[in-house]
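Data block below; observations after.
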Amino acid sequence: MQPINPSNLSPEQKDELILQLFNHIATLTNEIKELKAQLAKNSRNSSKPPSSDGYGKPKPKSQRGKSGKRSGGQTGHKGNTLKQTEHPDKVIEHPVTQCGGCGFDLSTQRADSIERRQVFDIPPMKIEVSEHRSDIKTCPCCASRNKGVFPDYVTQPVQYGAELQAVASYLSQYQMVPFKRLQELFNDLYQIPLSQGTLDSILDRGHTHLFEFEQQAKQMVISSELAHFDESGMRVDKQLHWLHVASTDQVTCYAIHRQRGAPAMEAMGILTEFEGYAVHDHWASYYGFDIYHVLCNAHHLRELIHALEQHDQQWAGKLIDCLLEAKTETEKARAAGKKALTHKRIKYYDDRYSRILREGCQQLPIIETPKVKKRGRVKQHKVKNLHDRLVSHKHETLAFVYDLSVPFDNNLAERDVRMAKVKQKISGCFRSEHGAHRFCRFRGYISTARKQGRNILESLRDAFHGKAFHPASV
């Protein structure tokens, strides 16, 4: 582009050039603001995960108020201290046979008292082989051959037992130990040279045993009055897939699918039949199902923080205060055993919420419309999109105020997703869809066991015996 010589321009051309430069500067200024706003996004003011913060992790600014309690254990807290037991497994005597002063023989003298010290330790671990023998007898009366019956879980001439399979599954699917390290662990602790093929077969066997549990868990979520839903990207065979979770405070279901939207949700088979409150993060696909929607306010708070700090939207700060005050009041009411807030308090928060958004309309940033019109809807500023969503989905946002049985956020589902993301960080990705589906079924069983206060290793042991617990039998 050739430089322009202003001396060759007429006054009208100079004015036009100045206007063009002002417009160009305004456009660049807006673009710089948007880019700075994008760079300023982190896990505190957006839906970005904490892992994306890197070394520039923001200082924590918790929305929780101070409890007024001192740090550490509180009064009445039951501590766990190592104490001596009255019935040790073995006793090791340390007799006194000679006086340390004069050398007199004390071997036959009775002790005045005994000082006890106990050592709690793990005995050396080794594999135990149990041989099952079945008699074979010929009846002298009819000459028919009769054979003793082996237990149901003894099916091969040589096999690994349910305890070993439960431990392998526990370490692999719960503690996320990769196969190679799992081989080393079994060799070092138990002197058992497990192959990766054997470990894979053990997990396949557990996956089969847990099929009925998974169906029962899905039905339990479907029949619940309130459930949490979320989805997160996962790598499977180097391709992007989506992990979907549907859970309550007692049961968890996972599913992996190539898509994030409605086809995946339909394939999971829960939302198609669910009729209760569905807590989610406003992903558009959820609105294709005939359910009662509840939006996650933890997401709203992060977006409002970004609008306040990066775009100076004062209405966002006021709405943050409104939501947090309502959260505190509903928590106190719930703790006091109340079923609902008074009509007056509900109306107060309802009116306050609407007033803040109504007054905030004057502050919303506007993206200048380009002179050349493009097809489709005119692009809006992200803050304007947030404001529109909060206006049009007011009832879903304040659902926790209208009904105390409804939570403030979707943190339950996000916690259920977290461990699957840990698995991805350790392994990078799943090598096959079968391995991903297998992980989902195991994690659903383990997460449900944790929520119900069950011993996870014991629950896995029962599963390998073909007796996985029923999720409804809390």
Helix 297-311 vs. the chain, principal-axis angle (Cα, 0 to 90°, nearest 10): 40
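Let me check I have the definition right: for the chain, take the eigenvalues of the Cα gyration tensor, multiply each by 5, take square roots. What are those semi-axes in whole Å, largest first?
Numbers: eigenvalues 713, 207, 145 Å².
That gives 60, 32, 27 Å for the three semi-axes.
For a quick check of your reading of the filter: which GluC sites (Glu not before Pro) in region 299-397 sit in a DSSP loop and have no more than 10 other Cβ atoms within 10 Å? Please report the intermediate quantities before stating the final value.
Values: sites: 303, 309, 325, 329, 331, 359, 368, 396; in loops: 368.
Answer by residue number: 368.
Expressed as a rounded percentage, what relative contact order does the chain have, with Cα pairs under 8 Å and six or more residues apart? The partial results should precede the final answer.
Numbers: 506 pairs, mean separation 88.7, N = 474.
For the chain, the relative contact order is 19 percent.
Using the alpha carbons of region 303-442, what is the convex hull volume per residue in cubic angstrom, as a whole number? Walk me through the numbers before you get to the answer.
Values: hull volume 27.8 nm³, N = 140.
Output value, Cα hull per residue: 199 Å³.
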Set the Förster radius R0 to 45 Å, insert the Cβ-Cβ distance between residue 284 and residue 70 as r into 1/(1 + (r/R0)^6), and round the FRET efficiency to 0.05. 0.45
Taking residue 338 as the anchor, which aspartates and glutamates have their alpha carbon closer than 12 Å to its alpha carbon, excluding any fewer than eight residues away along the same chain? 329, 403
To the nearest 10 degrees, the tilt of helix 211-222 (Cα long axis) against the first principal axis of the alpha carbons of the chain is 40
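Region 67-121: D in µm²/s via Stokes-Einstein (Kirkwood Rh, Cα pairs, 20 °C, 1.002 mPa s)? Walk me through the numbers on the way to the answer.
Working: Rh = 16.2 Å.
Roughly 133 µm²/s, to the nearest whole number.
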Could you list the square roots of 5 times each eigenvalue of the Cα gyration tensor of region 390-460, that is, the equivalent ellipsoid semi-axes, sorted largest first and rounded to whole Å? 32, 18, 9
In the structure shown, do any of 238/421; 382/421; 318/394; 332/394; 327/394; 69/425 have a Cα-Cα gap over 26 Å, and if so which? 382/421; 69/425
Quick one: helix 11-39 against the long Cα principal axis of the chain, what's the angle to the nearest 10°, folded into 0 to 90? 10
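Bear in mind that the values in this text are calculations on the coordinates, not laboratory data. Just so we're clear, the structure is a prediction, and the values are computed from it rather than from any experiment. A quick note on method: Cβ atoms are made from the backbone with ideal geometry, for glycine too, and the neighbour counts reach across all protein chains shown.
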